[in-house]
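Novice: Please read through the structure below; I'll follow up with questions.
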Amino acid sequence: MNPFFTFANQKCSRKNFLQISIGAAAAVALMKMPSLSAAAQIELTPIPLAQCPTDPLIISQKSQNVQNAYKKVLTFVNKITDRTLREKVLAIIQYPAPTVMEQYTSNSSVERTYQKLLQKKLVDPAIITWETLFPPYQKPTKPVQLFISAPGSGYSSHHSYPGGLAIHTAINLGIADAICSIYQDTLSYEVNRDVVLAAEALHDLAKPWVFQWNTDGSCLKELTIAGTGSHHILSIAESIHRKLPAEVIVAQACAHNHPGTPKDEADVVSWIQASSIIAGVDPVALGLLAPDGKTLPLPHKQEGYITHLGDHDFVISVPAAQNSIQLLKKLAQTDYGMSSTDLETIRFNKFRNYIGAQLSFMQLNHTAASPDPSAGIKTLVAQVITK
């Protein structure tokens with residue numbers, strides 16, 4: 001999900017499409033997964049603000065929510081029956097190195113790719129240049145950070161704290177898996193669950209690269225390629241480079257939109273075109289686009305639609321994050337002695353990152369809707385950080 005694609009600006013078609021299946025999907029998810037059928041009981045040990053960690057990996061390691069979510073991601077991936085596909089997906093989740101950058105050995109090679117994107121109007125030179133086309137990295141064989149320490153999105157968006165990506169991915173996998181079960185249980189036919197699980201697990205694989213942590217506890221701002229967040233394009237490009245099956249890559253590309261109308265399909269086509277240019281391949285030859293290069297392979301397969309439906313945790317988690325961050329800013333000033341200046345520094349960022357990882361912005365947002373939200377939020381936060 002593009003962090004700049006806010007809840008208020010979602011297309012009606014996307015929201016309507018979601019409403020068809022999500023309610024029932026959630027119910028099936030609970031029935032199918034006993035471990036999720038009751039609220040998880042986590043142990044919280046409060047620490048003083050001064051002892052609050054700043055290292056994103058340490059923060060994620062100290063969170064039972066994050067650890068549980070990461071285990072759920074691996075559990076879903078291990079449900080993939082095709083051994084080769086399962087091992088490829090696990091390798092990426094466990095070690096998300098930007099291997100697509102192996103082909104970029106000089107500035108001139110990056111410039112050439114940028115010019116190709118520019119010629120097809122897949123980048124806006126006012127927003128992104130060849131120097132900023134790719135986020136910083138050390139080696140194509142080394143992750144910028146591990147999957148488990150990455151945020152779920154940009155710093156004001158969903159699950160934007162260390163470990164948020166694991167939580168976001170686990171939730172989306174649960175939704176997608178449940179939708180597969182709904183069709184199987186209600187209509188007596190099976191979609192290719194392997195494709196759905198692989199595509200959903202990989203749809204944000206570039207976020208550890210794109211959303212790198214800054215020294216002040218915030219993360220890098222995301223730029224756009226082909227009209228969507230660059231993480232989506234770079235994730236597809238990485239899957240292409242790692243030779244994932246074409247049907248998985250097409251389904252993965254549908255995470256941000258579906259091919260239900262010509263206009264919506266054009267978005268997905270443009271994302272595959274941009275990713276293919278970055279990966280240095282012909283999308284038609286790989287079976288990622290139809291022979292004329294203007295549509296997805298026909299007929300459209302349902303796995304892409306289901307992957308799109310699965311990537312809808314953001315519908316609730318974006319406003320939950322935005323509201324929770326504002327609540328934490330007020331609490332930081334009234335109860336934890338922070339100034340308005342502190343709210344833009346590591347002092348507040350480590351506070352909100354640690355609380356987010358320990359509790360989740362979802363729980364804070366839910367508590368804010370209680371009969372006594374102020375007391376509820378104070379009590380909840382005090383279980384994590386003392387004054």
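The values are calculated or read from the model by the stated rules, or taken from the named source; none is laboratory data. Here the structure is a predicted model, which means the values were calculated and not measured. Here the Cβ positions follow ideal geometry from the backbone for every residue, glycine too, while neighbour counts run over all protein chains shown. Areas reflect the complete protein model, heavy atoms only, side chains present, ligands, DNA and RNA absent. Shrake-Rupley method; radii C 1.70, N 1.55, O 1.52, S 1.80 Å.
Novice: Under a crude label model (7 Å from the Cα following the beta-carbon direction), how far is residue 118 from residue 282 in nanometres?
Specialist: 2.6 nm
Novice: Compute the orientation-averaged projected area for the chain from the convex hull of its Cα atoms and round it to one decimal in nm².
Specialist: Mean projected area for the chain: 19.0 nm², to one decimal.
Novice: Still on this model: Can you pull out the GluC sites (Glu not before Pro) in the range 153-244 whose DSSP state is coil and whose Cβ has at most 10 other Cβ atoms within 10 Å?
Specialist: Taking the range 153-244 and a limit of 10 other Cβ atoms within 10 Å, the loop GluC sites (Glu not before Pro) found are 190.
Novice: Assuming R0 = 22 Å, can you tell me the calculated FRET efficiency for the pair residue 91 and residue 64, based on Cβ-Cβ distance, to the nearest 0.05?
Specialist: Step by step, r from the Cβ atoms, then E = 0.25.
Novice: Continuing with the same structure: Could you sort 105, 141, 169 by accessible area so the largest value comes first, with the probe set to 1.4 Å?
Specialist: From most exposed to least exposed: 105, 141, 169.
Novice: Would you mind counting up the charge near residue 49? Only other residues with Cβ under 12 Å from its Cβ, with Lys and Arg at +1 and Asp and Glu at -1.
Specialist: +2
Novice: At 0.36 nm per residue, and after removing the present C-alpha to C-alpha distance, how many nm does the segment from residue 335 to residue 55 gain when stretched out fully?
Specialist: 98.4 nm
Novice: Hey, what number do you get for the chain at 222 nm if only DSSP H runs of n ≥ 4 count, each worth -39500 (n - 2.57), divided across all residues, to the nearest 500?
Specialist: Rounded to the nearest 500, it is -16500 deg cm²/dmol.
Novice: For residue 246 and residue 374, what is the calculated FRET efficiency with R₀ set at 56 Å and r taken between the beta-carbons, to the nearest 0.05?
Specialist: Once rounded, the FRET efficiency stands at 0.60.
Novice: Alpha carbon centre of the range 290-364 versus the range 256-272: separation in Å?
Specialist: Between the Cα centres of the range 290-364 and the range 256-272 lies a distance of 24 Å.
Novice: I need the helices of the chain that pass two filters: whole DSSP H segments spanning 27 Å or more by Cα along the axis, and mean Kyte-Doolittle score no lower than 0.5.
Specialist: What comes out of the filter, once short or polar helices are dropped, is 12-32, 164-187.
Novice: Could you tally the net charge around residue 127, taking each other residue with its Cβ under 12 Å from the Cβ of residue 127, Lys/Arg +1 and Asp/Glu -1?
Specialist: -1
Novice: Need one word for the range 282-365: rounded, prolate or oblate. Basis is the Cα gyration tensor (sqrt eigenvalues a ≥ b ≥ c); a/c below 1.5 gives rounded, then a/b vs b/c decides.
Specialist: Prolate is the answer for the range 282-365, as a/c is 1.5 or above and a/b outweighs b/c.
Novice: Out of the trypsin sites (Lys or Arg not before Pro) in the range 93-183, which ones are loop residues according to DSSP with at most 10 other C-beta atoms within 10 Å?
Specialist: Here the sparse-neighbourhood loop sites are 121.
Novice: Sort 223, 286 by heavy-atom solvent-accessible area, probe 1.4 angstrom, most to least.
Specialist: Result, largest first: 286, 223.
Novice: Then there is this: Quick one: compute the contact order of the range 150-221, relative version, from alpha carbon pairs under 8 angstrom and 6+ residues apart, as a percent.
Specialist: Relative contact order of the range 150-221: 32 percent.
Novice: At 4 °C and 1.567 mPa s, what whole-number value in µm²/s does Stokes-Einstein give for the translational diffusion of the range 83-144, with Rh from the Kirkwood sum over Cα pairs?
Specialist: Using the Kirkwood radius from Cα pairs, D works out to 97 µm²/s.
Novice: GluC sites (Glu not before Pro), restricted to the range 35-112: which are DSSP loop and have at most 14 other Cβ atoms within 10 Å?
Specialist: 43
Novice: Further question on the same structure: Rounded, prolate or oblate: which fits the range 161-275, taking a ≥ b ≥ c as square roots of the Cα gyration tensor eigenvalues, rounded meaning a/c under 1.5, else prolate when a/b beats b/c?
Specialist: Here the range 161-275 falls in the oblate category.
Novice: If R0 is 30 Å, what FRET efficiency do you get for residue 42 and residue 111 from their C-beta distance, rounded to 0.05?
Specialist: The computed FRET efficiency comes out at 0.05.
Novice: Residue 347: accessible area at probe 1.4 Å, nearest 10 Å²?
Specialist: Rounded to the nearest 10, the figure is 90 Å².
Novice: Here's another thing I want to ask about it. Set the bar at 23 Å for Cα to Cα. Now go through 88/350; 79/301; 207/294; 207/301; 207/329 and name every pair that lies beyond it.
Specialist: 88/350; 207/294; 207/301; 207/329, as the Cα separations exceed 23 Å there.
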